[in-house]
Structure formats: C-alpha cells, structure tokens
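Below you'll find the structure, written out as structure tokens, and then a few comments.
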Amino acid sequence: MTDHIDSTAQGHAAKGWDLHCHSAYSDGTETPEGLVLEAKRLGLAGVGITDHDTWAGWDEAVTAAERYGVPLVRGTEITADVDGTCVHMLGLLYDPTDPVLCDLFATTRENRVKRMKKMVENLSADYPISWDDVVGQVKEGEQTTIGRPHIADAMVAMGFFENRSEAFKHTINKNSKYYVPIVSPSAKTVVKAVKHAGGVAIIAHPAGATRNRSILTDEQIADVASAGLDGLEVFHRENSPEQQRRLLGLAKELNLLTTGGSDWHGSGKPNLMGENTTDPDVVAEIEARGAIAIIR
Ligand SMILES: [Zn+2]
Ligand SMILES: [Zn+2]
C-alpha cells in the first residue's frame, strides 16, 4: 500500500522532535513504552504519541517518558472530512477531559466500529472471517481504535494473504466491493473541538494522496484555517518535495506553523521514527499554545 511513496524529506532528519507516531492503541505495533524507547534509542529531542481518535495510550506513554527521560508531546490523530476528502488532523496538548472533544471521539469510535463490522460482514460473503477474528488481532483490547489494518492482519493470520499490503490490495482498499466509507466530522468541526479543549490543531500530511483521489486545494486549506487551525504537517513522506514547497508557501500566507513527523507505526509500516521532525522553536510555540505541558 505504500510502495509508491517517495523517499523522505531532505534536511529534516536531524535529531529534532517527531510529533507523529502511533502505538498499539491504534494501528501501530509497539506499546507506548516501546514508542518512547525507540525515541530514546534514536536520541530524538522528543516524541509525540498520536494514535487515531483516542488518547488511551497517554498514561502509559507518560510513565515511560518520565522513566526514560524522553520529552513527550501528547496528541491524537483525528479523522475528518473536507467535501468528501478524508483528512487527518493532529490535535496536540489538548485537555483530554474536555466534553466537546470527548463527545467527538465517542461518536467517531461508534461510527468506526459500525463501519468495521459492516466491512467484515461484506467480506464474510467471500471469506470465512468473523468480527471475533478481527478483535483477536487487537493488542490493547477494547481501548484500541480498530481499523482496516486489523482486518488485514486477521486475513493474514487466517492465511488468505501474505501480508497487510496484499490484504489491502485485494480486499479492503477504497475501490473494493467490500469497502465501507468513513463517516467523519468535518475538519472545521475537529479544529473547533481541539481549540475548545485548548489544544493545537494541525492538518496531518495535507498533500498525502494515499487515502484520496484528490488532495486538498489551497482554498480548502484556507477554509479550514479560518476555523482556527494552528499548522500544517509539511514534513511527511506522503507530501512530495513539490507539495512541501507549496505547503510552505501556503503556511506563510495563512500564518500557520509548519511541523514534521514520521507517522511511525512500529513494524506496521516502513516509516522510520525521526525520518521527519519538527524544529524546536515550533515545538516551543505549540507548547505555549497548548492546554497541557510537554512531559519532560
Ligand atoms: Zn494520517
Ligand atoms: Zn498517522
């Protein structure tokens, strides 16, 4: 599923802050402690935990960050929608008890479970797969955000495919007959909820083309920015060098912060932690705007 991706961005592979990493609380393969330990092994300035639509891994990450002395930015990658285009938003350093944001997460999780169950039902017409087979692939139980990678893992475990990518290619990619579209809040709704919770809202990989046929236009990004957006994740392997130049110009025009992250998933994806990072002065600004502190 990632075969066509370009090599990583130049000049941002220094030992900065990697603000976009996943643990087994979503579709990563490592525990939050494993995530923190990887950042320590690499000597990064700091690391972010940004699982999909949940902050369930935060407590374990904080314990590990304090134990191993690795600065930690707590966040979440939130699935959103712009005119039918699937957009990921990074919400960083927000208050996790905020009722508006908690409601948004609860609704998203309900919709995700319904969608996943429907997709498994569709698959079961041709493959003997059940919901229990998918839940069996989930490392952290009920708290995990179940996604298509878990269905793929179940298909692999049952011997239908060699690996996740093959399972995606043949069964659960967007164009397959088994696919069920995501119901997501609009990007502006997500920005407003993150801001309500005192957090920092950033569009993740704004020019990533793996999820959609088209990428966000300047006008669409400007419209999301009008809701109070803080920044764009410019430095990410899914943004081509040309797109990174475009996004840098747009960020300047719209007065937005520019961040970088690897989108590390442990062994679940080829992305290497630290391959893209965020400058320390941007991290300082993010902390100044956030409702909660960086763990140091
Ligand atoms: Zn993403
Ligand atoms: Zn991600």
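The values are calculated or read from the model by the stated rules, or taken from the named source; none is laboratory data. This structure is a prediction, so every number in the text was calculated from the model and none was measured. Neighbour counts run over all protein chains shown; Cβ positions are idealised from the backbone, glycine included. Note: accessible area is taken over every heavy atom of the protein model, side chains too, but ligands, DNA and RNA are not part of it. Shrake-Rupley method; radii C 1.70, N 1.55, O 1.52, S 1.80 Å.
Here are some notes:
- Flag if residue 275 is modelled with pLDDT of 95 or more, within 19 Å of the chain's Cα centre (by Cα) and either under 29 Å from residue 32 (Cβ atoms) or among the charged types (D, E, K, R) (or both): yes
- For segment 76-91, the set of residues classified as at pLDDT 95 or above, within 12 Å of ligand 1 (Cβ to nearest atom) and not aliphatic (A, V, I, L, M) consists of 76, 77, 88, listed by residue number.
- Residue within segment 55-75 that is closer than 20 Å to residue 284 by Cα and within 14 Å of ligand 1 (Cβ to nearest atom) present: yes
- Of all residues in segment 18-37 being open to solvent by 10 Å² or more (accessible area, probe 1.4 Å) and among the acidic types (Asp, Glu), the one that is modelled with the lowest pLDDT: 27
- Residue match in segment 93-101 (condition: over 13 Å from residue 145 (Cα atoms) and in contact with a strand residue (DSSP E or B) (Cβ under 7 Å, 6 or more places away or on another chain)): yes
- Only one of 165, 184 that is closer than 19 Å to residue 209 by Cα and assigned to a helix (DSSP H, G or I): 165
- In segment 83-103, the residues that are within 23 Å of residue 221 (Cβ to Cβ) and away from ligand 2 (no atom under 16 Å from the Cβ) reach residues that are modelled with pLDDT of 95 or more and in a strand (DSSP E or B) with C-beta atoms within less than 6 angstrom, at least six apart or across chains, in these pairs: 93/200.
- When residue 203 is tested against the conditions (1) closer than 26 Å to residue 55 by Cα; (2) of a type in the set (A, V, I, L, M); (3) touching a helix residue (DSSP H, G or I) at 6+ places or on another chain (Cβ under 7 Å); (4) more than 13 Å from ligand 2 (Cβ to nearest atom), the lone failure is (4).
- Test: residue in segment 171-184 that is over 19 Å from the mean Cα position of the chain (by Cα) and without any contact (Cβ under 8 Å) to a residue 12 or more places away in the chain: yes
- Residues in segment 206-226 that are without any contact (Cβ under 8 Å) to a residue 40 or more places away in the chain, more than 16 Å from ligand 2 (Cβ to nearest atom) and part of a loop (DSSP other than H, G, I, E, B): 213, 217, 226.
- Filter pass, residue 193 being aliphatic (A, V, I, L, M), buried (at least 17 other Cβ atoms within 10 Å of the Cβ), free of Cβ contacts under 8 Å to residues at least 24 places away in the same chain and not in a loop (DSSP other than H, G, I, E, B): no
- Some residue of segment 242-255 being surrounded by fewer than 23 Cβ atoms within 10 Å (Cβ to Cβ), touching a residue at least 12 places away in the same chain (Cβ under 8 Å) and assigned to a loop (DSSP other than H, G, I, E, B): no
- Of all residues in segment 101-129 being within 17 Å of residue 26 (Cβ to Cβ) and among the charged types (D, E, K, R), the one that is surrounded by the fewest Cβ atoms within 10 Å (Cβ to Cβ): 110
- Look at segment 139-154: where a residue is under 14 Å from residue 57 (Cβ atoms) and a partner is of a type in the set (Phe, Trp, Tyr) and surrounded by 22 or more Cβ atoms within 10 Å (Cβ to Cβ), sitting 6+ places away or on another chain with Cβ atoms under 6 Å, you get 140/25; 144/25.
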